[in-house]
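Single-structure report; data block below.
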Amino acid sequence: TKPKKAIGLDIGTHAVKAVLMSRASGRLRVDQAACALVDRNEMNVDPVRAQVEAVRKALESMPAEQSYVVAALTGNTVVVRYPRLTDVPKEQLRSAIEREAANNMPYDLREVFLDWVVLDEYQEDERSQLKVLLVAAKHEEIENRLQILRNAGVQCGVLSVDSLALADAGEACDFLRVGETVAVINVGLNSSSIHFIKDGVSNFIREV
């Protein structure tokens, strides 16, 4: 049966945060939250083991086996691009995006998992324009994150990107509106991301 609760996991190098959520009367509800620090000494020796233990601690009082688990990759492990495509028929969209990715990604496409979504469609100089959000993550980065979850006894239902997941949270809380530009800032121990969202649509992401 489909789980009625979801657990969001933020796996960082300083701490692992977990939030247990449910939906009641059409609204999202936070049922429980937890934070477990990552052992710094263990992190220097075996980072996977250190984060596995932190995940276990963060989830020890949550019904992980009965919940839909959502995790994310850190922004510095993925490549995000916003290509614009001109006069591309819908049936040729996938091949056009793959060509664009091959020209703009620093990796061989055989090394990455590629995902994309059309953000906007408009007319400019009587030509059809598509703005696309393109995300690529190397297979090894995905496998590293899934290994941490598997070793902690967790089955992952969705693997997102932290800066995009924060934008999803902002949208769910009605923070993103037409006519406004919002900067969603995620400050981590080793890296930070700034996600600019214009008129409720992802516009630019910078990892620092």
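Laid out as a table, the results:
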item: The chain: calculated mean residue ellipticity at 222 nm from DSSP helix runs of at least 4, using -39500 (n - 2.57); result: -8000 deg cm²/dmol
item: Cα-centre dipole for the chain with unit charges at Cβ (Lys and Arg positive, Asp and Glu negative), debye to 20; result: 640
item: Listed residues Ser25, Ser160, Ser191, most fluctuating in the chain (Gaussian network, C-alpha, under 10 Å); result: Ser25
item: Selection from Val70, Ile97, Asn44, by position along the positive dipole direction of the chain (Cβ); result: Val70
item: GluC sites (Glu not before Pro) lying in DSSP loop within region 72-129, provided at most 15 other Cβ fall within 10 Å; result: Glu126
item: Heavy atoms of Asp115 accessible to a 1.4 Å probe, total area in Å² rounded to 10; result: 90
item: Estimated dipole of region 75-152 in Debye, rounded to 20 [Cβ of Lys and Arg +1, of Asp and Glu -1, Cα centre]; result: 280
item: Farthest toward positive dipole pole in the chain [+1 Lys/Arg, -1 Asp/Glu at C-beta], among Val112, Leu149, Leu28; result: Leu28
item: Heavy atoms of Tyr68: accessible area, 1.4 Å probe, square angstrom to 10; result: 100
item: Neighbourhood net charge (9 Å Cβ-Cβ; Lys/Arg +1, Asp/Glu -1) for Ser67; result: +1
item: Three-way shape call for the chain based on the alpha-carbon gyration tensor, with the a/c threshold at 1.5; result: prolate
item: Cα long-axis angle, helix 93-104 against the chain (0 to 90 degrees, to the nearest 10); result: 80
item: Percent RCO, i.e. relative contact order, over region 56-150, from Cα pairs under 8 Å lying at least 6 residues apart; result: 34
item: Rounded tilt (10° steps) of 47-59 against the dominant C-alpha axis of the chain; result: 80
item: Lys57 accessible area, assembled protein chains, probe 1.4 Å, Å²; result: 120
item: Formal net charge of residues neighbouring Gly200 (Cβ-Cβ distance under 13 Å; K, R +1; D, E -1); result: -4
item: Mean separation of Cα contacts under 8 Å, 6 or more apart, over the residue count of the chain: relative contact order %; result: 19
item: Net dipole in debye of region 26-99 [+1 Lys, Arg Cβ; -1 Asp, Glu Cβ; about Cα centre; nearest 20]; result: 380
item: Residue-normalised accessible area of region 1-157, expressed per residue, 1.4 Å probe, Å²; result: 61
item: Degrees, to the nearest 10: 162-172 long Cα axis against longest axis of the chain; result: 80
item: Spacing of the two label points (7 Å from each Cα toward its C-beta) at Arg27 and Val187, in nm; result: 3.0
item: Anchor Lys57: lysines whose Cα lies under 22 Å away (excluding residues fewer than 8 positions away in-chain); result: Lys5, Lys17
item: Cα centroid separation - region 1-41 against region 84-112, whole Å; result: 34
item: FRET E, pair Gln129, Tyr107, Förster distance 22 Å, beta-carbon r, rounded to 0.05; result: 0.25
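The values are calculated or read from the model by the stated rules, or taken from the named source; none is laboratory data. This is a predicted model, so every value here is computed, not measured. As a convention, Cβ positions derive from the backbone with ideal geometry for all residues, glycine included, and neighbour counts pool all protein chains shown. To get the accessible areas, we keep the full protein, side chains included, count just its heavy atoms, and leave off ligands, DNA and RNA. Shrake-Rupley method; radii C 1.70, N 1.55, O 1.52, S 1.80 Å.
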